[in-house]
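The values are calculated or read from the model by the stated rules, or taken from the named source; none is laboratory data. As the structure is a computational prediction, the values presented were derived from the model and not from experiment. We place every Cβ from the backbone using ideal geometry, glycine too, and count neighbours over all the protein chains shown. Note: accessible area is taken over every heavy atom of the protein model, side chains too, but ligands, DNA and RNA are not part of it. Shrake-Rupley method; radii C 1.70, N 1.55, O 1.52, S 1.80 Å.
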Amino acid sequence: MRILFTAAAALSFFLISLCTVSAQENQADVYKQRMTLYKKVEAVTNIPWYYIAGIDQYERNVRQSRRDIPKAEGITGIYFKTEEWAGILNPDPSDENPASIQFFNGIGMDGDGDGKASLKSDEDVLHSFANFLLSYGTDHENLKIGLWNYYKRDKAVGIIIGKAQIYKQFGRLDLDDHAFPVPLRSNYSYRNTWGDARGWGGRRIHEGTDIFADYGVPVRATSYGIVEMKGWNKYGGWRIGIRDINNNYHYFAHLSGFAKDLRVGQIVEPGMMIGGVGSSGYGPPGTSGKFPPHLHYGIYKDNGYTEWSYDPYPHLRLWERQDRIKARKK
């Protein structure tokens, strides 16, 4: 029985490994297809590909986190309402004729040269959004103006620009790796504390997971991202906020201090040191020692309208396991 069980377990592991490799290969192929489209749009419009990628990724993440708009069916994520695409006064909301769409001031256009302006064509959709931005210009400041006039939301513009800067720096789309926020070799402990009651600062829930470790243990970025916030908060003490490419905001609080030269707007990658474990907070700047040193780690999701906290514990467990596997392979 033990031999049979071991063989079954080995087969199961083998099949899981095959599925994982297949999924990774499929995702790599999708990234390649997207990059090809972004570069084609860049060649026609002179809008740098990384802005198009930032917009597309922002919209894809919004669609994944909302129930009031359909999920993306193609390899791109930009969403247009049918009346926005065809023109609000167009009697045919499913119109795919570029000429009549233009007559009714719709945003849709033919980007792939097939004579149709189709919402089902990734290339048509990307070219249509890029064509909208072209009316404002192709430089950084004018693209920001165009984005604001489209979204009417400062936060959306900031998130998209941040994504564009990340893509520009790394020059690729496959930025999915993560890292556990403290080194595995350090002495640390944590459990799922998200949603627990909190007394400090009034009645509220705990929007994160506490990772207890020695004072000064390095705190690391958990993802590719851009530093949105750095400074003091009377509850969080010295804290850092990092936005990743999936509209997630990673919050690190109660730090002992920051990594040298870390600044708002800096681009980080998984495992990069950003600060140290501490016990700061709950008082004037510099106050510490009211509780054992630990890292408060939280994740917040932006859906295009608002931002909310969700449980980071399952992600921490996953990233911890992934870091252990990487360490064994070295």
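Below is a table of values for the structure above.
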quantity	calculated
Qualifying residue in the stretch 135-143 (condition: open to solvent by less than 30 Å² (accessible area, probe 1.4 Å) and in a loop (DSSP other than H, G, I, E, B))	yes
Single match in Asp112, Asp68 (criterion: in a loop (DSSP other than H, G, I, E, B), acidic (Asp, Glu), in contact with an Asp or Glu (Cβ under 7 Å, 6 or more places away or on another chain) and open to solvent by 40 Å² or more (accessible area, probe 1.4 Å))	Asp112
Selection from the stretch 38-65 of residues that are among the aliphatic types (A, V, I, L, M), under 17 Å from Gly108 (Cα atoms) and open to solvent by less than 20 Å² (accessible area, probe 1.4 Å)	Val41, Ile52, Ile55
Tally of residues being open to solvent by 20 Å² or more (accessible area, probe 1.4 Å) and free of Cβ contacts under 8 Å to residues at least 40 places away in the same chain across the stretch 177-190	5
Tabulated pairs, the stretch 258-269, first in the same structural domain as Gln165 (by the TED database), second part of a loop (DSSP other than H, G, I, E, B), C-beta under 7 angstrom, 6+ apart or interchain	none
Conditions (1) polar (S, T, N, Q); (2) buried (at least 19 other Cβ atoms within 10 Å of the Cβ); (3) farther than 22 Å from Leu37 by Cα: number failed by Ser121	(3)
Any hit, the stretch 272-284, residues being at pLDDT 95 or above, open to solvent by 10 Å² or more (accessible area, probe 1.4 Å), in the same structural domain as Asp311 (by the TED database) and under 15 Å from Arg220 (Cβ atoms)	yes
Flag if Tyr167 is free of Cβ contacts under 8 Å to residues at least 40 places away in the same chain, under 14 Å from Asp56 (Cβ atoms) and aromatic (Phe, Trp, Tyr)	no
